[in-house]
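Notes follow the structure.
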Amino acid sequence: MIRIQHTYAKLDTLHTTLLLQLKDLPEIIYYGERLRDAEDYSYFGSGTDGVPLSSADDVCSNACVLSSSGDGSNRETMLHIVAADGSGTLRPVLFDAKVQKGKPLFQSSLPSSYGEGESLILCYKDSIGLEIIQYFTVFKDSDVIATSVRLRNTGEKSVHIRRCMSLQLDLGKGDWEAVTLDGASQRERCPHRTLLRGGSLSAASFAGLSSNAHNPYVIARNRNNRGGCIACNLVWSGNHRQIFDLSPLSGLRLLSGINDYLFNYKLDPGETFEAPEAVFVRREEEAEVCEQMRAFAAEHIVRGEWKKKARPILINSWEGFLFSFDQKKLMEFCRRAAQVGIELFVLDDGWFGKRDDDTCSLGDWKVNRQKMGGTLREFADKVRKSGLMFGIWMEPEMISKDSDLFRAHPEYVLSVPQKETMEIRHQRVLDLTNPKVRQYMIEAISSVVEESGASYLKWDCNRGIFDLPGAEELFYRYTLGLYEVLDTITKKYPKLLIESCASGGNRYDLGMLCFTPQIWASDNTDARSRLAIQEGTLYGYPQSSMGAHVGASPNPHTFNSSSPDTRFSVASAGAFGYECDITALSEEMLETVRAQVVFYKQWREVMQFGRYYRTDSVFDGEASGWIFVSEDKSRAVAVVALLEKGCSAIPFRARFHGLDPNALYEVSSRPQKGAVPVFFKAYGDALCHGNIRLGNLFTESEMHEYSNQVVTRMFTFTRIG
């Protein structure tokens, strides 16, 4: 997979080749479709496209995988290092290149990808005594390449790291477009496209989480098709920055790594600093890089008991009751849920301390016996006796001022002397850089899991970090502390399914997926909103990781109404569940839920672990759609969502993807009240290349009751010949 020959290093993935010329600063001379081995590659030349007009332009034309401040260019660089004498010029020189079986392990608590492969190790040194070790790992079954950087101080004096990005890719001249996943609370990860016309574009987070504002997953797309598409992501859950930097010669530099906002890491003699791992892939089409990144996350990031295990259908108490519940209400809730076939009950906020609102008790993870009617174990056993698995909510990283924990240990809080600590949602942040706090957190989580016998833990985080003691290293060390706790808990309870959440989707990243196989995509369960949120999420993350639930109608956040079938169709695209008071549903509605659950169980493996193809984009206006296809292409489930009921959409036509062109399929619509059934047989080539008429997608009742809202239909495909 990796071959060093003369002054070249050739990295072969399944379908691509990354070819480096091993100079003082190695250069990319080719990155594209896989090449056969050759004796000489000098015909590729070096550098990006363009004729240098000055010495600065000459440096800009170099297509490097590493750069540093003071390198003679007028652009963003990978490394900013300040020596003990205050100088900021770094001149690293390559002194060794070697190939290693497997991939290197981090010495710290940083998570990373895993799998069978080989690694190229590039070693540089600078006169100040700094060694730079750069790793590139290729995998046997993927086109994705993993890369990371370590800095080792072999000198006699301390140095300060002001910036250390994990990835640098210098790409050729082109008509470049940046694709970023941006948003806010309740509208997370919506793709935006920006034409690059000079200078730099940055996507970053600043509050200690990967954020709902800008996800670390980005794509660089060459619109003139001379350079294809390159996607990259970061195995990191803290502050990050991705930079698209266009040189004066229109060559694109793509950088990804820790955000250098306030960053100033002191590296003493003998110490090593590790930057988080980045992963990247190149293919000709945008859909291909997205598919590669989803598959890589599912196979090389998610791990453990739940990697390929069907995720249970859950129901959460929060939207139904908020803080206002007791044992009687909850047990009736569980009884109804079990009757319709739901598999997991999640006891959300309000079960501990004096937690009848959000002003107190975070950190006091002891059950409120009066509210719950006994011990946590007694209540959890009753839930299990009703036929459901038991899950529980915690917000381990937070603390309330009105709590026994704060009164006993005010020093556990992140705070700045002489300044008032910022409270958001009446809560403060625990200092995870403190080993005593990490130990407390591990003990608190362990106590709750063991006392309750929980099968599932919802790990929430409802605010960012804005009190910044030791700000220069705080965000980095906090994230390492979080990973240490998560690593301990997941190893201690390997069968525990953890779903992370952060005010919805405020920390949806590969770092969290290394420990939590599911992430709550958004607090917004409105069907129309979720179409956009989920489509953006699936640009780079597998559907099995994406928490998606049926909520109430009208939606409590958007006040939009949508039919039960539409809400189900949209939520079925992820790890499925319900967010409602099931005890308030009519018998007719309970039958609807029961039918949804039966259908989902029949097709769960395909919908959670099948290959995803987008058939229509919600961002194009008229319709949205997708299809999940099993690995052997014998079964598939498709959803068609109609956004505008204009004349051009009646009757609706669709084209599907991913089916076996030579197979005969039986196609049928999921039964839906008032809808005319669709049933026919067709070959895969016709279904994928034709323009299949599906008839009128909405019923007469939907035309009136939901006239201004999205409506959906689901279709199943079964190979019969």
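Taken as Cα centroids, the stretch 387-451 and the stretch 520-550 sit 28 Å apart, rounded to the nearest whole angstrom.
In loop segments of the stretch 273-355 as defined by DSSP, the GluC sites (Glu not before Pro) with at most 13 further C-beta atoms inside 10 Å of their C-beta are E285, E305. For E288, the shell of other residues with beta-carbons less than 15 Å away shows a net charge of +1, using +1 for Lys and Arg and -1 for Asp and Glu. The residue among M546, S386, M293 whose Cα reaches farthest toward the positive pole of the charge dipole of the chain, with charges on the beta-carbon of Lys, Arg, Asp and Glu, is S386.
Placing unit charges on each Cβ (+1 for Lys and Arg, -1 for Asp and Glu) gives the stretch 414-510 a dipole about its Cα centre, and among N434, A471, V449 the Cα reaching farthest toward its positive end belongs to V449.
Answer rounded, prolate or oblate for the chain, using the Cα gyration tensor with square roots of eigenvalues a ≥ b ≥ c: rounded when a/c is under 1.5, else prolate when a/b is larger than b/c, else oblate.
Numbers: a/c = 2.09, a/b = 1.24, b/c = 1.68.
Because a/c hits 1.5 or more and a/b fails to exceed b/c, the chain counts as oblate.
Take every DSSP beta bridge whose two residues both sit in the stretch 340-436; close to 50 percent of them are antiparallel. Sites listed here are chymotrypsin sites (Phe, Trp or Tyr not before Pro) in the stretch 558-648 whose DSSP assignment is loop and whose Cβ has at most 14 other Cβ atoms within 10 Å: F559.
Among W318, W365, which comes first, then next, by fewest other beta-carbon atoms within 10 Å? List each step's numbers first, then the result.
Working: W318 16, W365 22.
Fewest to most other Cβ atoms nearby, the residues stand as W318, W365.
Placing +1 on each Lys and Arg Cβ and -1 on each Asp and Glu Cβ, with no other charges, gives the stretch 314-610 a dipole about its Cα centre of roughly 640 debye.
Under 1.5 on a/c is rounded, so check that first for the stretch 222-302, then, if it is not, pick prolate when a/b is larger than b/c and oblate when it is not; a ≥ b ≥ c are the square roots of the alpha carbon gyration tensor eigenvalues.
Working: a/c = 2.88, a/b = 1.42, b/c = 2.02.
Verdict is oblate for the stretch 222-302.
Which value, in debye to the nearest 20, describes the size of the charge dipole of the chain about its Cα centre when Lys and Arg Cβ atoms bear +1, Asp and Glu Cβ atoms bear -1, and nothing else is charged?
On the way: 82 positive and 92 negative charges, 265 e Å.
Result for the chain is approximately 1280 debye, rounded to the nearest 20.
How many angstrom lie between the Cα centre of the stretch 607-679 and the Cα centre of the stretch 337-351? Each part reduced to its Cα centre gives a spacing of 31 Å. Calculated mean residue ellipticity, 222 nm, the chain: -6000 deg cm²/dmol, from DSSP H runs (n ≥ 4) at -39500 (n - 2.57) each, averaged per residue and rounded to 500.
The phi torsions of the stretch 32-40, fed into the Karplus equation with coefficients 6.51, -1.76 and 1.60 and a -60° offset, translate into couplings of x, 4, 4, 10, 6, 5, 9, 7, 9 Hz, rounded to whole numbers, with Gly and Pro shown as x.
Count the DSSP beta bridges whose two residues both fall in the chain, then state the antiparallel fraction as a percent rounded to the nearest 5. Expressed as a percentage, antiparallel bridges in the chain total about 85.
Going by C-beta contacts inside 10 Å, put D565, D12, D85 in order with the fewest on the left.
Numbers: D565 24, D12 19, D85 7.
Taking fewest neighbouring Cβ atoms as first place, the list is D85, D12, D565.
Summing Lys, Arg as +1 and Asp, Glu as -1, what charge do residues with Cβ under 9 Å from the Cβ of I4 carry, I4 excluded?
Every neighbour counted, the sum reads +3.
Grab the other residues whose beta carbon is less than 13 angstrom from that of V179, score K and R as +1, D and E as -1, and report the net. Write down the numbers at each step before the final one.
Details: positive: R189, R193, R221, R223; negative: E177, D182, E285, E286, E535.
That sum, taken over residues with Cβ under 13 Å, equals -1.
Which of M165, M589 has the fewest other C-beta atoms within 10 Å, and how do the rest follow up to the most?
In increasing order of surrounding Cβ atoms, one gets M589, M165.
Cα-Cα over 27 Å: which of K308/K354; K328/K436; K309/K491? Walk me through the numbers before you get to the answer.
Numbers: K308/K354 39 Å; K328/K436 38 Å; K309/K491 17 Å.
Cα-Cα > 27 Å for K308/K354; K328/K436; rest within.
Where a number appears in this text, it was derived from the coordinates with a stated rule and is not lab data. Just so it is clear, the structure is predicted and the values come from calculations on it, not from any experiment. Every residue, glycine as well, gets a Cβ built from its backbone with ideal geometry; the counts of neighbours run over all protein chains shown.
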